[in-house]
Amino acid sequence: MNGNIGLLGAGLAIGLGAIGPGIGVGLLVAKSVEGMARQPEAAGLIRTAMFIGLAFAEAISLYALVIAFILSAK
Amino acid sequence: MEKLIQELTPHAYYKLVVFGGVDISITKAVLTLLIAAVLTFLLFWIPSRRMKLVPRGWQNFVEVLVEFTREGLLYEIMGEEGKPYFPLIATLFSFIFITNLVGLIPGSLPATSQIGTTAAWALIVFIIYNAVGVIKHGPIGYLKTFVPPGTPIFLAPVMFPLEIISHIARPFSLAVRLFANVVAGHMVLGVFAFLSFTSLIIIKILPFSMIVIMYLFEIFVGGLQAYIFAILAAIYIQGALQSEH
């Protein structure tokens with residue numbers, strides 16, 4: 001077996017790093033839609049909060065992606 | 001993979017090195033950024049030359065954009081007290097959005113795929129919101145807001161360094177979020193383009209249609225990331241303005 005072990009690390013980094021944010025984004029959107037369905041007049045507020053939350057959840061997996069780029073570029 | 005990374009690394013059109021090795025060459029990314037800046041300027045400047053009471057066409061579009069930035073973005077977070085920061089937030093939103101869109105033109109390099117570009121914007125936001133906080137509360141008063149009101153006195157030495165770390169992480173995450181979103185989007189486009197070149201002739205249509213879908217998605221992502229960057233800047237400024245209750 002030969003080849004760049006960094007590629008394995010990169011794959012693991014983004015794969016494992018996407019699990020948590022994936023669960024987080026799923027919960028976030030599910031609850032937001034629930035809230036919007038229950039109270040359509042608050043949809044605008046909920047949507048704003050949802051997008052901000054999405055950005056924070058997504059950023060975590062993007063850190064993993066940056067690490068993956070660094071590892072795979074070595 | 002290496003080809004894709006090379007594609008996103010700018011090559012200098014015009015070599016220019018000043019001040020003891022600081023590289024300010026005109027690269028593709030710089031060119032894209034300049035084009036985006038000119039486009040942003042023209043977008044708002046041209047219709048403002050001949051403003052009509054009843055807007056039509058271009059002016060209508062710009063008015064919708066401005067109103068969305070003000071009502072849907074700034075006032076939603078800061079309320080009426082956000083008025084002085086409207087130029088900053090509107091500039092961030094429209095400039096980042098247009099930079100992302102210009103970067104999507106085939107053959108161009110998105111300026112936001114360079115960490116330096118996004119880091120500069122994030123640093124501007126960082127400096128501004130800290131300055132706003134210091135001006136509002138005074139240097140000592142601003143440091144006091146780092147410890148939330150009602151914290152027990154023995155917890156304060158723990159809370160204070162934590163807040164400092166979270167403040168330092170803010171510009172970092174602002175910069176990396178925008179940068180990584182754009183780079184990841186272009187990587188995906190690149191992978192599907194590569195697949196549609198190399199795959200069998202019968203199934204070429206599959207990766208190609210994925211390119212089309214991803215392209216539309218990238219336009220959406222460009223807008224969303226601009227929105228998030230601007231809204232986070234508004235939230236940070238509002239957090240710095242907030243007094244202890």
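Quick rundown of the values:
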read-out: Residue check, B:ALA233 among the small types (Gly, Ala, Ser), more than 11 Å from every other protein chain (Cβ to nearest Cβ) and crowded, with 22+ Cβ neighbours inside 10 Å; value: yes
read-out: Answer from B:LEU178, B:LEU162 - the residue that is loosely packed, with under 15 Cβ neighbours inside 10 Å and part of a helix (DSSP H, G or I); value: B:LEU162
read-out: Filter result for the condition that a residue is at pLDDT 85 or above and among the polar types (S, T, N, Q), over B:SER199, B:SER209; value: B:SER209
read-out: All positions within segment A:30-59 that are at the interface with another protein chain (Cβ under 9 Å from one of its Cβ atoms), under 30 Å from B:HIS186 (Cβ atoms) and of a type in the set (A, V, I, L, M, F, W, C); value: A:PHE51, A:ILE52, A:LEU54, A:ALA55, A:PHE56, A:ALA59
read-out: B:ILE135, sole failed condition from (1) under 26 Å from the mean Cα position of the chain (by Cα); (2) within 25 Å of A:VAL66 (Cα to Cα); value: (2)
read-out: Residue check, A:VAL66 away from chain B (no Cβ under 11 Å) and within 24 Å of B:GLY223 (Cα to Cα); value: no
read-out: B:GLY223 vs. criteria over 30 Å from B:THR145 (Cα atoms) and within 14 Å of another protein chain (Cβ to nearest Cβ); value: yes
read-out: Residue in segment B:89-102 that is touching a residue at least 24 places away in the same chain (Cβ under 8 Å), out of contact with any strand residue (DSSP E or B) (no Cβ under 9 Å at 6 or more places or on another chain), of a type in the set (Ser, Thr, Tyr) and over 18 Å from B:ILE237 (Cβ atoms) present; value: yes
read-out: Test: residue in segment B:179-197 that is within 11 Å of chain A (Cβ to nearest Cβ), closer than 21 Å to B:GLU76 by Cα, of a type in the set (A, V, I, L, M, F, W, C) and in contact with a helix residue (DSSP H, G or I) (Cβ under 8 Å, 6 or more places away or on another chain); value: no
read-out: Residue check, B:ALA234 assigned to a helix (DSSP H, G or I), farther than 16 Å from A:ALA59 by Cβ and among the small types (Gly, Ala, Ser); value: yes
read-out: Complete set of residues in segment A:16-74 that are charged (D, E, K, R) and more than 30 Å from A:ILE5 (Cβ to Cβ); value: A:LYS31, A:GLU34, A:ARG38, A:GLU41, A:ARG47
read-out: Qualifying residue in segment B:206-215 (condition: in contact with a Gly (Cβ under 9 Å, 6 or more places away or on another chain) and more than 27 Å from A:GLU58 (Cα to Cα)); value: no
read-out: Residue satisfying condition, being at pLDDT below 85 and within 14 Å of chain A (Cβ to nearest Cβ), within set B:GLY79, B:GLY21, B:GLY57; value: B:GLY79
read-out: Those residues of segment B:122-149 which are within 18 Å of B:LEU178 (Cβ to Cβ) and surrounded by fewer than 22 Cβ atoms within 10 Å (Cβ to Cβ), in sequence order; value: B:LEU123, B:ILE124, B:PHE126, B:ILE127, B:ILE128
read-out: Checking B:ILE96 against (1) within 20 Å of B:LEU34 (Cβ to Cβ); (2) at pLDDT below 85, the condition it does not meet; value: (2)
read-out: Any pair with Cβ under 7 angstrom, 6 or more apart, that starts in segment B:149-176 at a residue that is closer than 25 Å to B:ILE127 by Cα and ends at one that is of a type in the set (S, T, N, Q) and not in a helix (DSSP H, G or I); value: B:MET159/B:THR151
read-out: One residue from A:ALA30, A:ALA59 being of a type in the set (Gly, Ala, Ser) and surrounded by 15 or more Cβ atoms within 10 Å (Cβ to Cβ); value: A:ALA59
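The values are calculated or read from the model by the stated rules, or taken from the named source; none is laboratory data. For clarity, every value in this text was computed on a predicted model and none was experimentally measured. A quick note on method: Cβ atoms are made from the backbone with ideal geometry, for glycine too, and the neighbour counts reach across all protein chains shown.
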